[in-house]
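Please find one structure pasted underneath; my questions will follow.
The values are calculated or read from the model by the stated rules, or taken from the named source; none is laboratory data. On a predicted model such as this, the values are computed, not experimentally measured, just so you know. Neighbour counts run over all protein chains shown; Cβ positions are idealised from the backbone, glycine included. All accessible areas refer to the heavy atoms of the entire protein, side chains included, with ligands and DNA or RNA removed. Shrake-Rupley method; radii C 1.70, N 1.55, O 1.52, S 1.80 Å.
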Amino acid sequence: MVAVRLRQRGVRAVSTLAVLGAVLFSAPAVAFAAPTPGVVDPAAQDASGPVTSADEQFVIAVRLAGLWEIPAGEMAIEKGESQRVQEVGAAIREQHVELDELTRNVAEKLNVQLPDQPNQDQQNWLAEMEAAEGAQFDEIFVARLRAAHGKIFPVIGTIRGSTRNDVVRALAQQANTFVLTHLTLLESTDLVNYAALPAAPNAQADPVTGANALLAAAQARGATGGFDTTAIWLVLVVAVVAGAFGAVRIIRSR
């Protein structure tokens with residue numbers, strides 16, 4: 001009877017160690033991920049959570065988007081040759097007005113200083129639209145806005161998945177909904193030249209959103225944030241070998 005119990009304990013030991021190793025091996029990398037990108041400003045603490053530099057850059061990026069896309073939408077209403085471009089411009093303008101109000105409320109709550117005019121690249125795009133007429137305007141309007149929305153989309157995902165601040169997370173959630181809607185609207189014009197879309201953003205300067213630091217942080221986190229799989233394999237092998245060795249000793253001592 002004692003020998004049987006010892007054998008059972010040995011089997012249970014092997015099983016437990018094997019399961020432990022399997023769990024370590026199969027655990028998602030996010031469980032061992034590095035801290036959220038962005039530096040927490042000690043002065044930027046809020047009841048809704050800590051505010052990182054990445055959070056602040058994101059709020060500014062959303063503000064910049066509204067500063068040029070609202071007037072772009074107004075131009076589409078007035079100058080668009082096709083009715084569909086006029087409709088898309090009206091919808092984008094209306095939603096950016098709402099998003100801009102949310103952004104300003106967030107900035108006030110978190111004490112983030114917002115710009116009051118588009119950056120130089122965005123001003124150039126607006127000037128380009130001002131100078132265009134007819135079908136040329138429609139093409140430029142769709143091309144510029146589709147490229148801008150395509151670039152800020154992954155930035156929103158980075159912030160939505162990493163921010164520790166409830167207010168910023170809510171803004172990212174709303175921005176994600178609007179940007180996805182705008183992408184769909186712009187593509188519904190049948191004027192998007194997919195072959196001419198810019199390549200995926202990298203750590204180099206990004207004039208569309210000014211959010212290259214966010215993308216670089218996301219890439220760095222993806223490259224280094226996971227747990228070392230070699231270490232996981234080592235733990236698994238050691239656990240199984242140790243369990244098997246212990247079980248053999250128990251069985252031989254019966």
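Have a look at 84, 93, 104 and point out the one that is in contact (Cβ under 8 Å) with a residue 12 or more places away in the chain, part of a helix (DSSP H, G or I), touching a Lys or Arg at 6+ places or on another chain (Cβ under 9 Å) and charged (D, E, K, R). First the steps, then the outcome.
Values: 84 fails: touching a Lys or Arg at 6+ places or on another chain (Cβ under 9 Å); 93 fails: touching a Lys or Arg at 6+ places or on another chain (Cβ under 9 Å).
None of the others qualify; the one that does is 104.
Next question, about the same structure. Quick check on residue 154: is it assigned to a loop (DSSP other than H, G, I, E, B) and open to solvent by less than 80 Å² (accessible area, probe 1.4 Å)? Steps first, please.
Numbers: assigned to a loop (DSSP other than H, G, I, E, B): no; open to solvent by less than 80 Å² (accessible area, probe 1.4 Å): yes.
So residue 154 does not fit the description; no.
On the basis of being in a helix (DSSP H, G or I), at pLDDT below 95 and within 22 Å of the chain's Cα centre (by Cα), does residue 54 make the cut? Lay out the reasoning, then the answer.
Details: in a helix (DSSP H, G or I): yes; at pLDDT below 95: yes; within 22 Å of the chain's Cα centre (by Cα): yes.
For residue 54, the condition - in a helix (DSSP H, G or I), at pLDDT below 95 and within 22 Å of the chain's Cα centre (by Cα) - is met.
Let me ask something else. Residue by residue through region 75-108, note down the ones that are more than 13 Å from residue 145 (Cα to Cα) and open to solvent by 70 Å² or more (accessible area, probe 1.4 Å).
77, 78, 81, 83, 84, 87, 94, 98, 101, 104, 105, 108
Oh, and also: Filter region 128-146 down to residues that are open to solvent by 60 Å² or more (accessible area, probe 1.4 Å) and either hydroxyl-bearing (Ser, Thr, Tyr) or farther than 11 Å from residue 189 by Cβ (or both), then give me how many there are.
6
So the check is Cβ under 6 Å with 6+ separation or different chains; which pairs have a first residue in region 174-193 that's part of a loop (DSSP other than H, G, I, E, B) and a second one that's surrounded by fewer than 20 Cβ atoms within 10 Å (Cβ to Cβ)?
Filtered contacts from region 174-193: 189/84; 191/139.
Filter region 147-157 down to residues that are over 14 Å from residue 185 (Cα atoms) and small (Gly, Ala, Ser), then give me how many there are.
Going through region 147-157, the residues over 14 Å from residue 185 (Cα atoms) turn out to be 151-157.
If we keep only those that are small (Gly, Ala, Ser) too, we end up with 157.
Final tally of qualifying residues: 1.
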